[in-house]
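Reviewing the structure listed below.
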Amino acid sequence: MTRSLSLQPAPRSLALHAGVATLAAGRLIVLDSQRPQDLLFAARQLAQDLRDIAQLEWELAAGSAVPPAQIGVLITVAANATAHPQGYRLSIAPDLVRITASTAVGAGYATLTLRQIIAQSAGALPCLEIDDWPDFDQRGVMLDISRDKVPTLKTLLALIDELASWKINQIQLYTEHTFAYRQHPTVWAQATPLTGEDVLLLDAYCAERGIELVPNQNTFGHMRRWLTLPEYHALSEAPDGCDTIWGRFDEPFTLNPGDPGSLTLVRSLFDELLPHFRSRQINVGCDETVDLGQGRSKAAVAERGKGRVYLDFVLDIYREVASRGRTMQFWGDIIVEYPELVAELPRDTIALEWGYEAEHPFDEHGELFAKSGISFYVCPGTSSWNSVAGRTHNALENLRSAARAGLKHGAIGYMITDWGDNGHWQPLPVSYLGFAYGAALSWCGASNIDRDVVELLDTHVLRDQTGLVGRILYDLGDVYRQIGPKLHNSSVLFLVLQAPLDKVGTHAGLTLDGLQQASARIADILEPLDEARLQRPDAALIERELRWAGGLLQHACARATWVLEGQPEAARAMLARQAAELIAEHSVIWLARNRRGGLVDSQQHLLKLQQDYEVANA
């Protein structure tokens with residue numbers, strides 16, 4: 001038995017005492033609650049761990065009339081037993097493990113902590129006392145399933161189990177076109193979307209684990225997949241494209257808020273989507289309406305102002321949400337540009353304050369929402385997208401900044417976002433660093449802000465007996481800092497892979513020496529991977545995914561080197577061969593976790609690499 005426990009998340013208060021509790025055969029897990037049925041799932045999971053880890057068959061019983069000598073674990077739920085409804089006290093004495101909570105939810109969190117202790121204690125539990133409760137009532141993860149990966153049910157169910165074990169209690173699946181709307185079959189025809197039955201299953205699975213599956217459907221911006229189709233094109237704000245901060249878009253992007261058909265479309269989406277969820281909330285998006293005022297609403301914007309035109313349509317959406325008995329969440333990036341309008345938001349809306357750089361002004365924006373009386377979440381990110389292997393340093397600072405500002409200004413939620421921009425190239429394991437560390441911060445920042453993130457990954461995510469792969473993930477995600485300038489929401493090597501050849505050499509800071517050193521560093525990071533011993537069903541896949549990510553980054557180094565050297569013919573065939581191998585492997589690892597829809601779109605970016613080498617110098 002170890003005196004040093006690693007718990008995820010680390011609890012608010014833990015006191016170790018002398019002695020151990022040696023688990024004996026034939027004891028009971030007793031559920032002392034007016035509604036013991038609410039504790040059944042958590043108690044059965046605990047019993048299963050005792051069976052698997054300690055080879056003990058402990059039965060469940062309910063009530064207060066059980067002989068004390070037979071009780072091994074006593075779970076008591078009583079009103080006002082703890083100050084926070086999600087809080088708990090866990091006490092391990094030599095002869096009894098006692099859990100006390102005000103609600104079944106708090107008791108469930110206590111059992112999660114106890115299960116981690118059992119897993120690390122070989123049947124002899126350390127005597128201790130834990131008092132624990134969360135900083136944020138809502139602790140969420142949002143997974144992008146629209147650019148371009150739609151995970152398989154197997155992938156989603158495994159991820160739900162993992163997130164639930166870290167006390168995450170809300171999940172959103174970001175949707176543009178990847179729900180199988182029966183009224184709108186053309187929009188998802190190539191996407192292998194989530195069906196209504198899939199969502200019903202996921203919703204029930206989440207609920208059993210204490211997670212709220214919140215519907216998520218963009219309804220204003222980010223509607224390109226709809227508006228490029230003939231039957232929806234007339235609803236476009238800018239049918240022929242628009243100018244944006246990211247460059248020229250040649251396709252429509254945003255719904256025209258002045259067209260009555262836009263709201264009719266939104267109504268039809270709500271009416272078909274919402275019955276599949278028990279949640280009484282919905283995230284309606286409304287972010288990055290970059291073409292608003294450039295097209296059909298130009299006159300309205302000139303007359304009323306862009307902020308007012310934006311807010312009026314958001315309020316139209318709000319009324320549709322409220323009429324269906326739901327609470328509206330929406331991304332807060334546009335409304336903060338018009339601080340004078342924030343106070344006009346209905347008080348029962350929830351603003352989602354998102355930002356993905358280390359220096360994002362969570363503090364400033366959080367203060368704005370708080371002073372305006374608007375409930376809000378802070379929404380940092382995993383920094384995995386536009387990177388291949390992540391941006392470790394940025395992710396950690398972004399997650400910390402959000403936690404500090406959210407706690408300071410009374411945010412009601414903390415949601416970790418994971419996006420898939422430009423092909424969704426990053427494998428799922430790259431996002432685990434942000435998921436795990438963000439989950440810890442959302443529970444208790446004071447206890448987790450200085451966590452050893454490598455140890456956290458190895459112990460609670462990868463379950464690597466050698467303690468190697470956590471370091472590999474961490475360091476591979478920090479290679480971006482070794483080369484080139486700091487970029488917003490991306491890394492230089494990712495852009496090297498995505499940019500046309502005539503743009504590759506234009507990034508300041510790219511040097512032949514730097515590229516060579518970065519490639520060598522990647523090789524050094526990956527070298528210990530053969531020695532790893534991950535105790536996960538997908539261990540071999542994780543190793544394969546990390547090798548692919550590292551290989552793609554090394555290819556970026558070789559590609560940039562080739563351009564800086566003037567595209568010598570001698571290297572062209574080698575680069576073409578590498579690209580072909582990376583594309584083939586990309587298909588394999590994609591299909592291991594995700595549905596086929598979206599793979600073709602993602603690979604279009606990779607195929608451009610191969611085409612560059614085939615036509616260069618021709």
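Bear in mind that the values in this text are calculations on the coordinates, not laboratory data. All of these numbers come straight from a predicted model, not from anything done at the bench. When we count neighbours, we look across all protein chains shown, and the Cβ atoms used for this are built from the backbone with ideal geometry, even at glycine.
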- Would you please name the trypsin sites (Lys or Arg not before Pro) within segment 1-60 that are DSSP coil residues with at most 11 other C-beta atoms within 10 Å of their C-beta? Arg3
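Using +1 on the beta carbon of Lys and Arg, -1 on that of Asp and Glu, and nothing else charged, what's the dipole of the chain about the Cα centre, debye to 20? Mind dumping the intermediate values first?
Working: 54 positive and 75 negative charges, 192 e Å.
I would put it at about 920 debye.
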- Rounded to whole Hz, the Karplus (6.51, -1.76, 1.60) HN-Hα couplings of segment 216-222, x for glycine and proline: 9, 8, 5, 9, 9, x, 6
- Approximate spin-label separation Ala119-Glu569, in nm, with each point projected 7 Å along Cα-to-Cβ: 5.8 nm
- Task: Would you please give the residues with an amide H less than 5 Å from that of Asn594, counting only those at least 5 places away or on a separate chain, with H modeled from the backbone geometry?
- Result: Thr152
- Note on the structure: Mean shadow area (nm²) of the C-alpha convex hull around segment 48-104 is 4.6 nm²
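Based on the Cβ-Cβ distance from Ala520 to Asp312, what FRET efficiency comes out when R0 is 45 Å, to the nearest 0.05?
Step by step, r from the Cβ atoms, then E = 0.20.
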- Label-to-label distance, nm, for residues given as Ala299 and Asp271 (7 Å Cα→Cβ offset): 3.0 nm
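What percent antiparallel are the DSSP beta bridges of segment 13-132, to the nearest 5? Can you show the working numbers first?
On the way: 18 of 32 bridges.
Antiparallel bridges: around 55 percent, rounded to the nearest 5.
For segment 126-252, give the share of DSSP beta bridges that are antiparallel, in percent and rounded to the nearest 5; count only bridges with both residues there.
Numbers: 3 of 12 bridges.
Once the DSSP bridges in segment 126-252 are tallied, antiparallel ones form about 25 percent.
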- Toy charge model, Lys and Arg Cβ at +1, Asp and Glu Cβ at -1: segment 13-132 dipole around Cα centroid in debye, rounded to 20, equals 80 debye
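Taking segment 204-240, which chymotrypsin sites (Phe, Trp or Tyr not before Pro) meet the DSSP loop condition and have no more than 14 other C-beta atoms within 10 Å?
Numbers: sites: Tyr205, Phe220, Trp226, Tyr232; in loops: Phe220, Tyr232.
Sparse-neighbourhood loop chymotrypsin sites (Phe, Trp or Tyr not before Pro): none present.
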- Item | Residues in segment 168-203 reached by a label modelled at Val600 [backbone nitrogen below 18 Å; 7 Å Cα→Cβ] | 177-179, 185-194
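Full extension from Ala189 to Thr466: what is 0.36 nm times the residue separation minus their Cα-Cα distance, to one decimal in nm? Don't skip to the answer; put the middle values down first.
Working: separation 277, 0.36 × 277 = 99.72 nm, distance 4.49 nm.
95.2 nm is the gain from fully extending Ala189 to Thr466.
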- Mind giving me the nanometre distance, one decimal, between the label points for Lys503 and Glu455, set 7 Å out from Cα along Cα→Cβ? 4.4 nm
- Okay, which of segment 564-596 sit inside 14 Å, backbone N to the point 7 Å along the Cα-Cβ direction of Glu614? 573, 576-581, 583-584
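Using helices alone, I'd like the mean residue ellipticity at 222 nm for the chain: each DSSP H run of four-plus residues gives -39500 (n - 2.57), total over residue count, nearest 500. It would help to have the intermediate numbers written out before the result.
Numbers: 21 runs with 258 residues, N = 618.
-13000 deg cm²/dmol, from helical runs alone.
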- Determine ³J(HN,Hα), in whole Hz, for all residues of segment 553-559 in sequence, where each value follows from phi through the Karplus function 6.51 cos²θ - 1.76 cosθ + 1.60 and θ = phi - 60°; x replaces Gly and Pro. 5, 5, 5, 4, 4, 5, 5
- Message: Can you find, among Ser431, Ile583, Val66, the residue sitting farthest towards the positive end of the charge dipole of the chain, where Lys and Arg contribute +1 and Asp and Glu -1 at Cβ?
- Response: Val66
- Message: Using 0.36 nm times the number of residues separating Arg224 and Ala69, minus their current alpha carbon distance, what extension gain do you get?
- Response: 49.3 nm
- Note on the structure: Rounded to whole Å, √(5λ) for the Cα gyration tensor eigenvalues of the chain, largest first, gives 42, 33, 21
- Item | Order by protection proxy (mean Cβ within 10 Å, highest first), peptides 393-405, 253-265, 422-434 | 422-434, 393-405, 253-265
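Report relative contact order for the chain in percent, whole number only (criteria: Cα-Cα under 8 Å, sequence separation at least 6).
Working: 1235 pairs, mean separation 74.6, N = 618.
Answer for the chain is 12 percent.
Among bridges DSSP assigns within the chain, what percent are antiparallel (round to 5)?
Working: 24 of 68 bridges.
Close to 35 percent.
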- Item | Residue-wise HN-Hα coupling along segment 202-210, computed from phi with Karplus coefficients 6.51, -1.76, 1.60 (Hz; x: Gly, Pro) | 4, 4, 5, 5, 5, 4, 4, 9, x
- Note on the structure: Per the charge dipole of segment 469-615 (beta-carbon charges, Lys/Arg positive, Asp/Glu negative, Cα centre), the residue among Ser490, Gln554, Ala570 reaching farthest to the positive end is Ser490
- Residues whose modelled amide H sits under 5 Å from the amide H of Met415, counting only those 5 or more places away in sequence or on another chain, are Gly140, Val378, Cys379
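Ser4 to His488: extension gain in nm, 0.36 nm per residue of separation minus the Cα-Cα distance? All intermediate terms of the calculation are to be shown ahead of the outcome.
Working: separation 484, 0.36 × 484 = 174.24 nm, distance 3.94 nm.
Extending this stretch completely gives an extra 170.3 nm.
Which of the GluC sites (Glu not before Pro) across segment 189-274 are loop residues per DSSP, with 12 or fewer other Cβ within 10 Å? Write out the running numbers ahead of the final one.
Working: sites: Glu197, Glu208, Glu212, Glu231, Glu237, Glu272; in loops: Glu231, Glu237.
Those satisfying the criteria are Glu231.
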